[in-house]
């Protein structure tokens with residue numbers, strides 16, 4: 001009986017040993033697979049974004065990861081990508097990576113297309129070229145493609161703008177965009193923002209002062225260049241509206257700088273006034289063909305809420321503070337203008 005029990009025990013020890021020997025490679029393989037899927041593979045020191053351009057495939061993504069040294073083990077990434085069929089779910093965009101991210105989380109994020117948006121901020125933009133350059137720093141659209149659309153008369157006409165008036169389309173603010181937005185997508189989004197900005201109340205105010213929405217923006221762009229003091233803008237708006245209603249030429253120096261193409265001019269002189277341009281408001285009555293800069297919200301609000309007064313002139317103060325004197329008569333205005341001209345002479349500012 002004892003011999004039989006001994007044989008049984010020996011048998012089961014052998015079976016157990018065989019199972020253990022068999023399970024070792026299985027366990028190792030299971031651990032390897034688990035590690036490939038769930039072990040940290042993204043090792044970065046700070047928040048990093050992966051940019052996947054439009055038209056990318058799995059090979060493109062892999063190359064970007066390699067070039068930026070974002071993974072510690074590309075082979076494990078490849079294996080998990082294959083198992084999750086990532087090659088058929090490659091979506092462009094901007095994706096935020098986290099330190100110690102594993103392949104499972106990384107590929108799940110990428111194949112979901114749930115990208116992390118960018119904050120696009122633009123203020124104090126003068127030209128379409130500046131706008132295009134600024135925007136292209138934040139979204140995928142190339143600056144050349146953006147400026148081409150901004151100068152495309154046929155394309156802009158579907159939105160009710162021309163290359164001369166399109167600056168009024170853009171309302172300076174902070175906007176959230178998907179990084180892979182193209183030039184057409186950018187303009188479409190800005191059109192929606194423009195329509196939201198011009199609500200019924202603002203439209204009503206524009207109608208009350210006898211200006212179209214584009215004319216409001218055009219006048220606002222001039223006012224923005226005339227003064228950086230917000231409290232003066234509505235007063236200046238009132239001056240220009242008074243001149244428009246009386247048929248007096250605006251004689252706005254910023255329009256001369258725009259016509260010449262040089263906003264660095266500190267002193268507008270007689271030669272400048274000879275420039276033959278529809279933006280020369282010393283030669284031509286009324287508003288110029290379009291905004292001379294992208295107008296600020298405060299400039300637009302200043303026009304819509306222009307102060308009612310009898311001023312027809314204004315002139316920069318001789319203390320160079322940026323503030324202005326306001327006058328009802330040309331005689332009074334000329335007296336202030338002489339003070340300012342003398343101040344420019346003292347500082348040897350000739351142009």
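Which parts of the stretch 244-285 would a label at residue 328 reach, counting a residue when its backbone N lies under 20 Å from a point 7 Å out along Cα-to-Cβ?
244-248
Mind sorting 320, 190 by how few other Cβ atoms lie within 10 Å of their own Cβ, fewest first?
320, 190
Take the chain, connect every pair of alpha-carbon atoms lying under 10 Å apart with a spring to form a Gaussian network, then pick out the residue of 264, 162, 329 with the largest mean-square fluctuation.
264
With springs only between Cα atoms under 10 Å, which of 182, 116, 319 fluctuates most in a Gaussian network model of the chain?
Comparing 182, 116, 319 in a Gaussian network model of the chain, the most mobile one is 319.
Give me the angle, in degrees from 0 to 90, between the Cα long axis of helix 74-83 and the longest principal axis of the Cα atoms of the chain, rounded to the nearest 10.
So the inclination is approximately 80 degrees.
Can you put 123, 309, 272 in order, fewest other beta carbons within 10 Å first?
Least to most surrounded, the residues fall as 123, 309, 272.
When the helix-only estimate is applied to the chain (DSSP H runs of n ≥ 4, each -39,500 (n - 2.57), divided by the residue count), what is the mean residue ellipticity at 222 nm, nearest 500 deg cm²/dmol?
Result for the chain, helices only: -16000 deg cm²/dmol.
Kindly rank 289-295, 322-328 from highest to lowest mean number of other beta carbons found within 10 Å of each residue.
In decreasing order of mean packing, 289-295, 322-328 become 289-295, 322-328.
How would you order 67-75, 206-214 from highest to lowest mean count of nearby Cβ atoms within 10 Å?
Descending packing order for the listed peptides: 206-214, 67-75.
Angle between the Cα long axis of helix 58-67 and the longest principal axis of the chain, 0 to 90 degrees, nearest 10?
It is inclined by approximately 80 degrees.
Please give the contour-minus-distance gain from residue 273 to residue 66: 0.36 nm per residue of separation, less the Cα-Cα distance, rounded to one decimal in nm.
This chain segment gains 68.6 nm when fully extended.
Can you give the angle from 0 to 90° between the axis of helix 2-38 and the longest principal axis of the chain, with both taken from C-alpha atoms, to the nearest 10?
20 degrees
For the stretch 290-310 and the stretch 146-201, write down the distance between their C-alpha centroids in whole Å.
If you average the Cα positions of each part, the centres end up 20 Å apart.
Against the 2.2 N^0.38 Å scaling, with N counting residues, where does the stretch 257-337 land? I'd like the Cα-based Rg ratio to two decimal places.
With N residues counted in the stretch 257-337, Rg over 2.2 N^0.38 Å equals 1.23.
Would you order 267, 204 from fewest to most other beta-carbon atoms within 10 Å of each residue's own beta-carbon?
204, 267
What is the stretch 210-346 by shape, rounded, prolate or oblate, if you read a ≥ b ≥ c off the alpha carbon gyration tensor as root eigenvalues and call it rounded for a/c under 1.5, prolate for a/b larger than b/c, and oblate otherwise?
rounded
By the gyration tensor of its Cα atoms, with a ≥ b ≥ c the square roots of the eigenvalues, what is the shape of the stretch 118-197: rounded for a/c under 1.5, prolate for a/b over b/c, or oblate?
rounded
Given the convex hull of the Cα atoms of the chain, what is a quarter of its surface area in nm²?
Average of the hull's projected areas for the chain equals 28.3 nm².
Any read-out appearing in this document is the output of simple, stated calculations on the displayed coordinates, not a laboratory observation. Quick caveat: nothing in here was measured; it's all calculated off a predicted structure. Positions of Cβ are generated from backbone atoms using ideal geometry, with glycine treated the same way; all protein chains shown enter the neighbour counts.
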